[in-house]
1. Rounded to the nearest 10 Å², what accessible area does Cys149 show when all protein chains are kept and the probe is 1.4 Å?
2. Assuming 1.306 mPa s and 10 °C, estimate D for the stretch 1-97 with Stokes-Einstein, Rh taken as the Kirkwood radius over Cα pairs, in µm²/s.
3. Using a 1.4 angstrom probe on the protein heavy atoms only, could you order Asp135, Asp280 from most to least accessible area?
4. Hydropathy at least 0.0 by Kyte-Doolittle, axial extent at least 15 angstrom from the Cα trace: which helices of the chain, defined as entire DSSP H runs, fit?
5. For the chain, what does the helix formula give at 222 nm: sum of -39500 (n - 2.57) over DSSP H segments with n ≥ 4, over the residue count, nearest 500 deg cm²/dmol?
6. How many Å² of accessible area per residue for the chain, probe 1.4 Å?
7. Counting alpha carbon pairs within less than 8 Å and at least 6 residues apart, what relative contact order, in whole percent, applies to the chain?
8. If you roll a 1.4 Å probe over the stretch 180-317 with all protein chains in place, what percent of the accessible area is carbon or sulfur?
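The values are calculated or read from the model by the stated rules, or taken from the named source; none is laboratory data. This one's a predicted model, so the numbers in the text were calculated from it and none came from an experiment. Here Cβ is always computed from backbone atoms with ideal geometry, including for glycine, and neighbour counts include all displayed protein chains. SASA here: full protein model, heavy atoms, side chains in, ligands and nucleic acids out. Shrake-Rupley method; radii C 1.70, N 1.55, O 1.52, S 1.80 Å.
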Amino acid sequence: MKEFNDLGDFQIEEVKALLELATRLEHNPEPRALAGKVLALLFLSPSLRTLASFQAAMVRLGGGSFVISPDMSIHGLETRPGIVMDGMAAEHIREAVPVIASYGDAIGIRAFAQRENLESEIADEEFNKLKELCDIPRINMESAINHPCQSLADWKTMDDFGVPANGGKFVLSWAYHPRALPLAVPSATVHMAAMRGMDVTVLRPEGFELPEPVMHKARQAAAMSGGSVTETDDRAAALEGANIIYAKSWMSTRHYGNLPADAEARRGREDWCVDEPWFDTAAADARFMHCLPVRRGVVVADRILDGPRSIVIPEARNRMYAQMAVLHQMLR
Ligand code: CP
């Protein structure tokens, strides 16, 4: 494997093979599998889970890693093309990325969304520019429109908890949040659940529709897997029979790049906070998922996060096993 940038680059059977490998490595450690291998980790935005789980994954497989982020570069790190560098930053990403890549056997890149131009973000232009600067195997650690490592871990988590694939109902619900958040996780998640063969409902208020290219990609995946994809603002209908309620906030797509208009669109939507009544008509064993970090009492009530429905901790732990499988296939 030379790239892990998008679950959509893989056949369903290839994803299942990765998941089998992840489970094998979980139960049968291979502490020397990647001895002598180095993973470079470039973070252009903050992280807890991705940072720690990739480092832990490499150690558990016998390899090593190093982390670079703008905060860690004493020279400052400029990312803008064509800039006259007469400000604080003394290092440009165009030199920094190839140099970092030259120290590693593979590189993970996190390039967060700018939240300015929707077309550019759907095309993942920032991430693609960065990855073109390195000639070693590359992993998307979250870009403007994708988070394949999160999706692989989410798929494994549902398998681990016996959540039905074909015939299972997956509700990706928009949630209130005080800030305008990117589309990476919702876009990756709707595609992943469709690829797993689930009946996917995107539940969101008006103005927060997922972009048509994102929905089109998910519908194509559903056509291959036997699943389905719909979108609605009817909460009662969406939640009925749900096996999974996956909460995530994202910026208003109708007002993308316009923060005041986005703030206006989310104003008064504080009731989009997942709580026990959301599960009233869901499946009896319905589960709550979230990629984390999550704002308690804003996105989801404490009693859900702290109760038996929540599987967010094993979901986060599975980031490590899923990434171990990716690294094993990439670097062995
Ligand atoms: N879910 C996720 O990617 O978490 P971090 O932003 O902490 O890495």
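1. The value for Cys149 is about 0 Å².
2. 98 µm²/s
3. Greatest to least solvent exposure: Asp135, Asp280.
4. Helices passing the filter in the chain: 12-27, 49-60, 184-195, 312-331.
5. After summing the helix terms and dividing by the residues of the chain, the value is -11500 deg cm²/dmol.
6. Numbers: 14210 Å² over 332 residues.
Value for the chain: 43 Å² per residue.
7. Answer for the chain is 20 percent.
8. Numbers: 2810 of 5500 Å².
About 51 percent, which is the carbon plus sulfur part of the accessible surface.
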